[in-house]
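Chemist: One structure coming up, written as structure tokens, with questions to follow.
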Amino acid sequence: MPNRLANEASPYLLQHKDNPVDWWPWGEEAWALARAEQKPVFLSVGYSSCHWCHVMAHESFEDDEAAQALNGSFVSIKLDREERPDVDEAYMTAVQLAHGHGGWPMSVFLTPDKKPFFAGTYFPRESRGGHPSFLQVVNSLATAWRESRADVERTADEFATALAGVMERNLPASSGVLDVQLLDRAVEAFHQDFDHEHGGFGDRPKFPPHAALLFLCDYARYRPDLPGDSGELPGQAALMALLTLERLALGGIYDHVGGGFHRYSTDDRWLLPHFEKMLYDNAQLLTAYSEGRKLAGDPRLQALFDRTVERTSDWIEREMTAESGLYMSALDADSEGEEGLYYLWTTGEVDEALTDRAPGFAATFGLTAGGNYLDEATGRTTGRNVLNLERDVEGLFESELDALRNARSGRVRPGTDHKCLASWNGLTIGAMAQAGRVTEAVRASRSWLGFLEDSGLPHMVTDGRPSGQPFLDDLAFLADGFLDLADVTEDDTWRSAAMRLARQMVERHGGPSGGCTFTAHDGEALFGRSKPFMDNATPSPNGVAARVFRRLGLSTESRAVLDAGLGWMERAPAATPTLLREALLALVSAGGVAGRSEPARPTQDAQIGVTLVPRELEPDDDGFAYAEIVLDIPEGVHVNSDDPAAKWLVPTDVEVDGAYAEAAYPENKDGTYRGRTVIGLRIRAAGAQGRFEVRVRFQSCTESECSLPEVRVVEGRLK
């Protein structure tokens, strides 16, 4: 008998409607039940094309024993991360705090007031490799809730405090200057991590670096016109962008038969993909190839990029466009219960489809009898092949690829996630407009404009039904797509629509400290309202907001976003290419220096006291003297502890010059020190007894932003 998910519109939730787990969708009814029965909540988050989500579903959520354990001790909620990206972000932050990394499926166990006390991702059906089984986790946590509930709730309170501290905090700039040196340092950072043989950055797995490619293309184009000697950096930027685009178009991550790109590569040479196809990947890569062909001076490379633009656009139009003209979200990785089966080929299948043309085709596209595709779990060959090229064949095998496309049409096709998200549609509208598919882009845009003028922009549309309040990325990405469409059509309708969305960003998402919140001021807030400055699978919502504001002439709003994001650009250039791209264009407009951004100093009127007690120390018989560093922290301000809740926060650190010393930092529950805080010191003379200096480094913060780190020096004397 179907569970409650049978009434949902999300394809991901519908995949679980026949599970024996007594699933609830996210909503007040589920939380009210948890509070009434005083049960903890199991929250499972994923998306329809997620391979490991399917694996965990088959192993555990379709298993009667696991379902019985969940149904007896928990209220179980299944969530589509694409329907509620705000909820996904909040609890993914908890997973990252707990483990240093995240992923899907996400498995989080919560108190009835929504606080996490245990967070993870995929759990296997059977324990292996030191990892507990899902059933072991469920039973252990159920026992802990029954027998040690007070301890569980303390853990949940600590988790919630840490989440609030991470999500609402700005990262202060260290220099306060937005200049060309910032951009030059960013390109140098990219170059240090660049794979000069295969393109892309880092080792496996490799994800297409969409936003970095766009920044590098613009840097190569515009940096020579800005003040200062950039040396070889523009050429290096062009090389990184063009080589990566070339290798992506030749590799197995690209579907040579049907067009479009898979999600990412499990190896370092773009050969072995995870096979889901996401609309947002293809929209961003379509834009990158449109920009790359402007930069490429080699006619051969231009032709390759032109074909990639054409075939990716064809795939989006053919397979990802709904009857309404809106763009659908994703194609599954699996078909017939096996990942990649739809896209892989044996040499026998190619022989049958191509007959006498098969040997030449197989040699060119890297096919072997044993197969070049490796099973991810075992690393063994499977007898199947991923089509890939070592070099461009300049369109010489079009008839063979058409024949394989016809042969593939008889296979069971991966499922389509047919919901249409405003944010991803915005990316695609802009990409299709730049690719020359203006008619298709206008058709989709008119549908979204109709919703906007009727009852306001929705977050998504499923089977023609709009639902959900828009998030920042919905407004920003769609406004940017409208502006791309306005540029190619010279139709002011789209510029006016973009301005309406921009005003909504300012009014419903803006704030006094700069940058926009992901959720609107009147939307649901879990542990706070984050300001997303970093790029992830999609561009930074604040980076795109800055771009929209600039293109609409809202220079004050645009600069406020860049000012708020400057600290992120300085410390994490690889994670902020969308902001860096906007900083570049701001510099182009300003002639090389875009003014100063004053770093936040929330404690300037409430100084933190630092005292050494006592100042004169007399050693004990063991040769050690004992003292205390006392921090007097005003109300409304806190200092990061020696082990803060997030890696970008500066920890409190005590060093002693002129003596040997050990510091004993006080315990803390949330990574902060508040009020009067005492740090113990154990000191022994180094050589002759005498004066020493204690250097105390700390970063003070309010609940919304942090100051620059400070160093205070106090003197002491050993008798």
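Chemist: Taking R318 as the residue in question, decide whether it is surrounded by fewer than 14 Cβ atoms within 10 Å (Cβ to Cβ), at pLDDT 95 or above and either closer than 30 Å to S447 by Cβ or among the hydroxyl-bearing types (S, T, Y) (or both).
Modeler: For R318, the condition - surrounded by fewer than 14 Cβ atoms within 10 Å (Cβ to Cβ), at pLDDT 95 or above and either closer than 30 Å to S447 by Cβ or among the hydroxyl-bearing types (S, T, Y) (or both) - is met.
Chemist: Of all residues being aliphatic (A, V, I, L, M) and within 31 Å of the chain's Cα centre (by Cα) in region 33-65, which is farthest from G340 (Cα to Cα)? Just the residue, please. Full working, then the answer.
Modeler: In the first step, residues of region 33-65 are kept if they are aliphatic (A, V, I, L, M); the result is 33-34, 36, 41, 43, 45, 55-57.
Restricting the remaining residues to those that are within 31 Å of the chain's Cα centre (by Cα) gives 34, 41, 43, 45, 55-57.
Numbers: A34: 39, V41: 34, L43: 28, V45: 23, V55: 14, M56: 18, A57: 18 Å.
Across region 33-65, the extreme among qualifying residues is A34.
Chemist: Now a separate question. Being open to solvent by 60 Å² or more (accessible area, probe 1.4 Å), touching a residue at least 12 places away in the same chain (Cβ under 8 Å) and closer than 19 Å to Y342 by Cα is the filter here, so list the residues in region 383-405 that pass it.
Modeler: R384, R405
Chemist: Among the residues of region 299-318, is there at least one that is part of a loop (DSSP other than H, G, I, E, B) and not basic (K, R)?
Modeler: Within region 299-318 (the criterion being part of a loop (DSSP other than H, G, I, E, B) and not basic (K, R)), the answer is no, since none of the residues qualifies.
Chemist: Here's something else I'd like to know. Do you know which residues across region 482-504 are more than 13 Å from P541 (Cα to Cα), buried (at least 17 other Cβ atoms within 10 Å of the Cβ) and among the small types (G, A, S)?
Modeler: A486, A497, A498 - these are the residues of region 482-504 that are more than 13 Å from P541 (Cα to Cα), buried (at least 17 other Cβ atoms within 10 Å of the Cβ) and among the small types (G, A, S).
Chemist: Yes or no: A564 farther than 20 Å from V166 by Cα and crowded, with 24+ Cβ neighbours inside 10 Å?
Modeler: Answer is no for this residue.
Chemist: Would you be able to say whether some residue in region 531-546 is assigned to a loop (DSSP other than H, G, I, E, B), in contact (Cβ under 8 Å) with a residue 40 or more places away in the chain and within 24 Å of V438 (Cα to Cα)?
Modeler: Taking region 531-546 first, the residues assigned to a loop (DSSP other than H, G, I, E, B) are 531-540.
Okay, now just the ones that are also in contact (Cβ under 8 Å) with a residue 40 or more places away in the chain, so 531-535, 537-540.
Of the ones still in play, those that are also within 24 Å of V438 (Cα to Cα) are 538-539.
The answer is yes; a qualifying residue exists.
Chemist: Something else: Can you tell me which residue in region 464-481 is farthest from the chain's Cα centre (by Cα), limited to those that are under 12 Å from M505 (Cα atoms) and open to solvent by less than 10 Å² (accessible area, probe 1.4 Å)?
Modeler: Applying the filter and picking the extreme gives A479.
Chemist: Among residues belonging to region 325-355 that are of a type in the set (S, T, N, Q) and not in a strand (DSSP E or B), point out the one that is farthest from the chain's Cα centre (by Cα).
Modeler: T355
Chemist: If you don't mind, there's one more thing I want to ask. Residue check: is F123 surrounded by 17 or more Cβ atoms within 10 Å (Cβ to Cβ) and in a loop (DSSP other than H, G, I, E, B)?
Modeler: yes
Chemist: Failed condition for R500, given (1) among the basic types (K, R); (2) at pLDDT below 90; (3) touching a Leu at 6+ places or on another chain (Cβ under 8 Å), with all others met?
Modeler: Result: R500 passes all but (2).
Chemist: Still on this structure, please answer the following. Check R185 against each of (1) open to solvent by 20 Å² or more (accessible area, probe 1.4 Å); (2) more than 26 Å from the chain's Cα centre (by Cα); (3) touching a residue at least 40 places away in the same chain (Cβ under 8 Å) and name the one condition it does not meet.
Modeler: R185 satisfies every listed condition except (2).
Chemist: Kindly evaluate R221 against the criterion of being among the charged types (D, E, K, R), surrounded by fewer than 20 Cβ atoms within 10 Å (Cβ to Cβ) and not in a loop (DSSP other than H, G, I, E, B). Step through it out loud before you land on a result.
Modeler: Numbers: among the charged types (D, E, K, R): yes; surrounded by fewer than 20 Cβ atoms within 10 Å (Cβ to Cβ): yes; not in a loop (DSSP other than H, G, I, E, B): yes.
In short, yes.
Chemist: If you don't mind, there's one more thing I want to ask. Identify the residue in region 407-429 that is among the β-branched types (V, I, T) and open to solvent by 10 Å² or more (accessible area, probe 1.4 Å) and, among all such residues, is nearest to E352 (Cα to Cα).
Modeler: Top of the filtered list is V412.
Chemist: Then there is this: Counting only residues that are surrounded by 18 or more Cβ atoms within 10 Å (Cβ to Cβ) and under 17 Å from S107 (Cβ atoms), which one in region 6-24 is nearest to the chain's Cα centre (by Cα)?
Modeler: Ranking the candidates gives Y12 first.
Chemist: Of the residues in region 25-51, how many are under 21 Å from E276 (Cβ atoms) and open to solvent by 10 Å² or more (accessible area, probe 1.4 Å)?
Modeler: Number of matching residues: 2.
Chemist: Give the number of residues within region 505-518 that are within 24 Å of T287 (Cβ to Cβ) and open to solvent by 10 Å² or more (accessible area, probe 1.4 Å).
Modeler: 1
Chemist: Applying the selection to region 65-102, what residues are surrounded by 21 or more Cβ atoms within 10 Å (Cβ to Cβ) and among the hydroxyl-bearing types (S, T, Y)?
Modeler: Matches in region 65-102: S76, Y91, T93.
Chemist: Only residues that are closer than 20 Å to D218 by Cα and open to solvent by less than 10 Å² (accessible area, probe 1.4 Å): list them for region 277-303, please.
Modeler: Listed by number, the residues that qualify are D281, N282, A283, L285, L286, A288, Y289, S290, G292, A296.
Chemist: If we scan region 239-254, do we find a residue that is of a type in the set (K, R), open to solvent by 10 Å² or more (accessible area, probe 1.4 Å), more than 28 Å from V561 (Cα to Cα) and assigned to a helix (DSSP H, G or I)?
Modeler: Checking region 239-254: at least one residue is of a type in the set (K, R), open to solvent by 10 Å² or more (accessible area, probe 1.4 Å), more than 28 Å from V561 (Cα to Cα) and assigned to a helix (DSSP H, G or I).
Chemist: State which residue is most open to solvent (accessible area, probe 1.4 Å) when the search covers only region 521-556 and only residues that are among the small types (G, A, S) and closer than 20 Å to M92 by Cβ.
Modeler: Restricting to residues being among the small types (G, A, S) and closer than 20 Å to M92 by Cβ, the top hit is A525.
Chemist: Does G370 count as part of a helix (DSSP H, G or I) and in contact with a Gly (Cβ under 8 Å, 6 or more places away or on another chain)?
Modeler: Criteria not met by G370.
Chemist: Looking only at region 405-413, decide whether some residue is under 30 Å from A502 (Cα atoms) and among the hydrophobic types (A, V, I, L, M, F, W, C).
Modeler: no
The values are calculated or read from the model by the stated rules, or taken from the named source; none is laboratory data. Please read these numbers as outputs of a predicted model, since none were measured by experiment. Methodologically, a virtual Cβ is constructed for each residue, glycine included, from the backbone with ideal geometry; neighbour enumeration extends over all protein chains shown. Just the protein is used for accessible areas: all its heavy atoms, side chains included, with ligands, DNA and RNA removed. Shrake-Rupley method; radii C 1.70, N 1.55, O 1.52, S 1.80 Å.
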